[in-house]
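The values are calculated or read from the model by the stated rules, or taken from the named source; none is laboratory data. These numbers were taken from a predicted model, which means no experiment stands behind them. Quick reminder, even Gly has a Cβ in these numbers, built from the backbone with ideal geometry, and neighbours come from all protein chains shown.
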Amino acid sequence: MKISRNWLQNFFDTPLPSAEALAEALTFHAFEIDGIEEKNADYILDVKVTPNRGHDCLSHRGIAAELSAILKLPLNKAKDPFAKTPDFSKKTDAVTVTIENPELCPRYIAGYIKNVSVGPSPEWLKSNLESIGQRSINNVVDATNLVMFNTGQPLHAFDAAKLKTENEKLNIGVRLAREGEEMEALDKKKYALKNSMLVITAGDRPVGIAGVKGGMADRIDESTKEIVVESATFDGVSIRKSAQALKLRTDASTRFEQVLSPELAAYGMQQVVELIAAIAGGELVGSVDAYPAPPEPARASVTVDKINKVLGTALTGAAVADVFVRLGLPYKEEAGVFEVQPPAQRLDLEIAEDLVEEVGRMVGYDKIPATPLPVYEKQPEVSSTFYASEKKREELTAQGYSEVYTSVFTEAGERAVANKVDSVRPYLRDSLLPGLTDALAKNKPNKDLLGLKEIKLFEIGTVWKGGEELVMVGKVSESEKASEEPLVPLEADQYEDLPLSAATRYKTFSKYPYMVRDIALWAEGPEAAEGLQQTIKTEAGELCVRVDLFDRFEKPGRTSLAFRLIFQSFEKTLTEPEVNEVMEKVSATLKGQGFEIR
Amino acid sequence: MEGNTGGKTPQAHARGHLHPISSLIREANQIFLRMGFTLAQGPLLESEWYNFDALNFPTDHPARDMQDTFFMKDEPGMVLRTHTSAAQIRYPEKQLAAGVPPPYRAISIGKVFRNEATDVTHEAEFFQIEGLAIGEGVTLAHLKGTLTEFFSKIFQGSAEVRFRPSFFPFTEPSVEVDMRVTGTSAPEKLRDRWIEIGGAGMMHPNVIKNAGLDPQKYQGFAFGCGLDRIAILRWGIDDIRLMHSADLRFVNQF
């Protein structure tokens, strides 16, 4: 989520450290930071909020609370939207709320506000929203958005006059859509609704796709004078499915699908009512709070002993208490047992291990020592399949076969995947042979470049055949057709000590074609080969990537040596004249040294 | 390229080359074996139970979106495994079936799948190493110690391990693992830099329970690292797609 440093500053009396310092604090104690952008005298942090913290941290207040705990900077109570208990004592009879599916909508608060004047937002509000990439629409809509990005509670404002039915009633309903129902949303697109999707209705007419997007017909515009603000809680799975089915993921649906506390709805409503009054005037006629079954406040307990036993630390009760205080987690402590009552939005804190994590990350994982495991009193087992595959590897490499891995995906087979993003080759292979045969063909042209007399390949890989998953050993070479056999597991008491790759560094190879030239000459004896190879290499220059002695025969008193030169460039395809020129130079030098070229 | 030619005739029966991933698997197994870990392999085509549910992934939860899963056509409930983490369930289950109680130490190494477009740093098929230790006194500090030993050995230097907070449904606490290798024997490009290398944490009590063990009595650590990434870092490989290229211009360098 995009988080503005200036916005965060609102929560603190003391000046915040630099954006880099904030990023570092979050990185090592809370969340990864995907980037920092400097923008209009502000810094925007892209905070990668983890799925377990979507309940509270897809909001500036959530990130501010994290920073408060990490940097030990107190939150300014007057600016904290969660500091004041919401008060909905002012009721109204003008609005009714009926929830048909309370399991999908545990809470719906409607606030009815009259005499608002819709217009442009004040500059501070525009700039706050624009800093995090949001567009300013008008003061009322902007107020709902600001409160969402501030508290994490999505909100929606309807034009109350448009919601009203003929008899001037404001009857709001929450129900599943009926097959065939349609609604034009604020993006001006018409959506066909399904009976799995929750909708908001006014006099039974759909006016919003619950938790996803509001309807066009009841939008706020310049003429709007009275509004109904919605602050509600919807079931995460239901909203996720609606958004997926409609291909309409919104800032609201993203938050609902991570599951929000119904308690949060009250704080969101409280803040938006105050903000609208401040920037768009209007008076709260009253509110309706449909909240049939408020959940019991959650509690989680952990002992200091448990914390140390999981983390491998020696923290004291005081250190643990300090973490809970900094995080704003009220607790009771008795005989080393901490019973924490997390604030409603911290739905992630359920079990002891959750609290262990809070302590671990706040104390800092750099405080965790690197302790070796104690000596294991049991004997590790030898895997019969791995033992067998290692034996095969050794056997085949000793015979000159090199190992390849090829893709399990192919164009035909018994079984297929349903949703491959690139949609090509969706089948799972039932044999290693086609992959090996392709690999052979692909490598053959590089034989000289590789300095090989013959390409020989093997693969030990999984196939799916006859309803089973099997590991096969396949091989192929230029002188034999590809063949495969199932890997037969072998029992053993211990693994054999087999060689590891001695490579130190991989060198990128050229993508351009190479050229081959041979040169043969008479030397006095075979011992001249090494020196000649070096001479040829030096004379041929950097375009010559390898020189191999590929043939040799003896006549009385002299030896014929034949060398193969491979030419290749990293920059281009070499031409015949270029290579011939080099070869002439090599010949001339050798002749000059008294060798007879054959 | 095959190191340049000592003036020898290319031979039809020269020794072939091991794929770098196979060499790493061999080496990782040796390192972990010395620390008491058993190699235990699992199926590539896996049930959603082992790949997700047993690992504490809630149904229809955004956490599943993190995985980019290949689902099987006409085989509901079956996926290509997105990680080797099913070992956290399968290994204890197998031990319990054989009447062997904890402590356990196991690694699982093999191919995993992510349904994403491929480029120089992304492959739909890649290799992962999973490790787990379960017992009465296994701690996050032991995880740090174990990974420090593994990275020191596999990167041929002296490694330090750093944890950052993270989230995985199957671990609590969850951490991202960074490592830094020092020492002149370490690959030069790697030396003295912090590098993100994997995910880890303490096994979630629900996972311990789903594996058939009592979470009141046992706890454990688990980690997962990409082997392709280790290979890339160790040898300076510039394109992950080379791993499955079957190109000997690549393989024969190892």
I need the full set of residues from segment A:373-385 which are without any contact (Cβ under 8 Å) to a residue 60 or more places away in the chain and either more than 7 Å from every other protein chain (Cβ to nearest Cβ) or of a type outside the set (Asp, Glu) (or both), in order please.
A:Leu373, A:Pro374, A:Val375, A:Tyr376, A:Glu377, A:Lys378, A:Gln379, A:Pro380, A:Ser383
Here is a list of conditions, (1) assigned to a strand (DSSP E or B); (2) closer than 28 Å to A:Phe386 by Cβ; (3) within 11 Å of another protein chain (Cβ to nearest Cβ), and B:Gln156 meets all of them except one; can you say which number that is?
(1)
Specify which of the listed residues (B:Glu160, B:Glu188) is touching a strand residue (DSSP E or B) at 6+ places or on another chain (Cβ under 9 Å), more than 25 Å from A:Val408 (Cβ to Cβ) and of a type outside the set (Val, Ile, Thr).
B:Glu160
Look through A:Lys481, A:Lys444, A:Lys453, A:Lys475 and report the one residue that is surrounded by fewer than 18 Cβ atoms within 10 Å (Cβ to Cβ) and in a strand (DSSP E or B).
A:Lys481
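From the set of residues in segment B:194-222 that are aromatic (Phe, Trp, Tyr) and in contact with an Asp or Glu (Cβ under 8 Å, 6 or more places away or on another chain), which is surrounded by the fewest Cβ atoms within 10 Å (Cβ to Cβ)? I'd like the intermediate steps shown before the answer.
Just the residues of segment B:194-222 that are aromatic (Phe, Trp, Tyr), to begin with: B:194, B:218, B:221.
Filter again for in contact with an Asp or Glu (Cβ under 8 Å, 6 or more places away or on another chain), leaving B:194, B:218.
Details: B:Trp194: 12, B:Tyr218: 22.
Once the filter is applied, the top-ranked residue is B:Trp194.
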Could you list, in sequence order, the residues of segment A:498-530 that are more than 9 Å from chain B (Cβ to nearest Cβ), assigned to a helix (DSSP H, G or I) and under 22 Å from A:Val582 (Cβ atoms)?
A:Ala528
Quick one: B:Ser23 ticks every box in (1) more than 8 Å from every other protein chain (Cβ to nearest Cβ); (2) crowded, with 21+ Cβ neighbours inside 10 Å; (3) out of contact with any strand residue (DSSP E or B) (no Cβ under 7 Å at 6 or more places or on another chain) except a single one, so which number is it?
(1)
In segment B:43-84, what residues are away from chain A (no Cβ under 12 Å), assigned to a helix (DSSP H, G or I) and not aromatic (Phe, Trp, Tyr)?
B:Glu48, B:Asn51, B:Asp53, B:Ala54, B:Leu55
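Of all residues in segment B:207-237, count the ones that are facing chain A (nearest Cβ under 8 Å) and in contact with a helix residue (DSSP H, G or I) (Cβ under 8 Å, 6 or more places away or on another chain). So that I can check it myself, show each step before the final result.
Taking segment B:207-237 first, the residues facing chain A (nearest Cβ under 8 Å) are B:219, B:235-237.
Filter once more, so that each one left must be in contact with a helix residue (DSSP H, G or I) (Cβ under 8 Å, 6 or more places away or on another chain): B:219, B:235, B:237.
Total satisfying the criteria: 3.
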Which condition does B:Ile197 not pass, out of (1) more than 9 Å from chain A (Cβ to nearest Cβ); (2) within 17 Å of the chain's Cα centre (by Cα); (3) in contact (Cβ under 8 Å) with a residue 60 or more places away in the chain, if it passes all the others?
(3)
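Take the residues of segment A:186-216 that are over 37 Å from the mean Cα position of the chain (by Cα), surrounded by fewer than 18 Cβ atoms within 10 Å (Cβ to Cβ) and of a type outside the set (Asp, Glu): which is nearest to A:Lys164 (Cα to Cα)? Steps first, please.
To start, the set of residues in segment A:186-216 that are over 37 Å from the mean Cα position of the chain (by Cα) comprises A:202-205.
Among the residues that remain, those that are also surrounded by fewer than 18 Cβ atoms within 10 Å (Cβ to Cβ) are: A:203-205.
Restricting the remaining residues to those that are of a type outside the set (Asp, Glu) gives A:203, A:205.
Details: A:Gly203: 8, A:Arg205: 10 Å.
Among those that are over 37 Å from the mean Cα position of the chain (by Cα), surrounded by fewer than 18 Cβ atoms within 10 Å (Cβ to Cβ) and of a type outside the set (Asp, Glu), it is A:Gly203.
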Matching residues in segment B:101-130 (of a type in the set (A, V, I, L, M) and under 14 Å from B:Leu24 (Cα atoms)) number 3
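Looking at B:Leu143, B:Leu96, B:Leu132, can you tell me which residue is part of a strand (DSSP E or B), over 30 Å from A:Val421 (Cα atoms) and of a type outside the set (Lys, Arg)? Step through it out loud before you land on a result.
Numbers: B:Leu143 fails: part of a strand (DSSP E or B); B:Leu96 fails: part of a strand (DSSP E or B).
Selected residue: B:Leu132, the only one of B:Leu143, B:Leu96, B:Leu132 that is part of a strand (DSSP E or B), over 30 Å from A:Val421 (Cα atoms) and of a type outside the set (Lys, Arg).
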Looking only at segment A:338-379, count every residue that is more than 28 Å from the chain's Cα centre (by Cα) and of a type in the set (Asp, Glu) and tell me the total.
2
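Going by the conditions given, is A:Glu403 more than 7 Å from chain B (Cβ to nearest Cβ), charged (D, E, K, R) and crowded, with 22+ Cβ neighbours inside 10 Å?
Values: more than 7 Å from chain B (Cβ to nearest Cβ): no; charged (D, E, K, R): yes; crowded, with 22+ Cβ neighbours inside 10 Å: yes.
Taking the combined requirement at face value, the residue does not satisfy it.
Taking the conditions exactly as written (assigned by TED's automatic domain parsing to the domain that holds A:Thr559 and without any contact (Cβ under 8 Å) to a residue 12 or more places away in the chain), does A:Glu468 satisfy them or not? Before you say what the answer is, go through the steps one by one.
Numbers: assigned by TED's automatic domain parsing to the domain that holds A:Thr559: no; without any contact (Cβ under 8 Å) to a residue 12 or more places away in the chain: yes.
No, not satisfied.
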Residues that are at pLDDT below 85 and not acidic (Asp, Glu), drawn from segment B:35-70
B:Thr59, B:His61, B:Pro62, B:Ala63, B:Arg64, B:Met66, B:Gln67
Name the residue, out of A:Glu283, A:Glu257, that is in contact (Cβ under 8 Å) with a residue 12 or more places away in the chain and crowded, with 19+ Cβ neighbours inside 10 Å.
A:Glu257
Would you mind stating whether A:Thr462 is part of a strand (DSSP E or B), under 30 Å from the mean Cα position of the chain (by Cα) and at the interface with chain B (Cβ under 7 Å from one of its Cβ atoms)?
yes
Do we have any residue at all in segment B:86-93 that's within 11 Å of another protein chain (Cβ to nearest Cβ) and not β-branched (Val, Ile, Thr)?
yes
Please enumerate the residues belonging to segment A:122-159 that are farther than 20 Å from A:Val199 by Cα and acidic (Asp, Glu).
A:Glu123, A:Glu130, A:Asp142
Please give the number of the condition A:Glu395 fails out of (1) within 12 Å of chain B (Cβ to nearest Cβ); (2) in contact (Cβ under 8 Å) with a residue 24 or more places away in the chain.
(2)
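Just the residues that are β-branched (Val, Ile, Thr) and either at positive phi or within 19 Å of the chain's Cα centre (by Cα) (or both), please, taken from segment B:35-64.
Taking segment B:35-64 as the starting set, the residues that turn out to be β-branched (Val, Ile, Thr) are B:38, B:59.
B:Thr38 - this is the single residue of segment B:35-64 that is β-branched (Val, Ile, Thr) and either at positive phi or within 19 Å of the chain's Cα centre (by Cα) (or both).
Every residue, every condition in (1) in a loop (DSSP other than H, G, I, E, B); (2) in contact (Cβ under 8 Å) with a residue 24 or more places away in the chain, yes or no:
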{"site": "A:Ala293", "(1), (2)": "yes, yes"}
{"site": "A:Glu296", "(1), (2)": "yes, no"}
{"site": "A:Ser301", "(1), (2)": "no, yes"}
{"site": "A:Asn308", "(1), (2)": "no, no"}
{"site": "A:Leu329", "(1), (2)": "yes, yes"}
{"site": "A:Gln345", "(1), (2)": "yes, yes"}
{"site": "A:Glu350", "(1), (2)": "yes, yes"}
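What number of residues within segment A:445-458 are under 23 Å from A:Glu394 (Cα atoms) and more than 8 Å from chain B (Cβ to nearest Cβ)? Can you show your working first?
If we filter segment A:445-458 for residues that are under 23 Å from A:Glu394 (Cα atoms), which is where we start, we get A:447, A:450-458.
So of that shortlist, the ones also more than 8 Å from chain B (Cβ to nearest Cβ) come out as A:447.
The total comes to 1.
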Only one residue in A:Ala370, A:Ala335, A:Ala344 is within 14 Å of chain B (Cβ to nearest Cβ) and surrounded by fewer than 22 Cβ atoms within 10 Å (Cβ to Cβ), so which one is that?
A:Ala370
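With farther than 28 Å from A:Lys126 by Cα, of a type in the set (A, V, I, L, M) and not assigned by TED's automatic domain parsing to the domain that holds A:Glu358 as the only criterion, which of A:Leu71, A:Leu75, A:Leu26 stands out? Write out each step before concluding.
Values: A:Leu75 fails: farther than 28 Å from A:Lys126 by Cα; A:Leu26 fails: farther than 28 Å from A:Lys126 by Cα.
Checking each option against the conditions leaves just A:Leu71.
Condition check: acidic (Asp, Glu) and farther than 21 Å from A:Arg361 by Cα. Does B:Asp178 satisfy that? Please lay out each step first, then the result.
Values: acidic (Asp, Glu): yes; farther than 21 Å from A:Arg361 by Cα: no.
Spelling it out, it is not the case that B:Asp178 is acidic (Asp, Glu) and farther than 21 Å from A:Arg361 by Cα.
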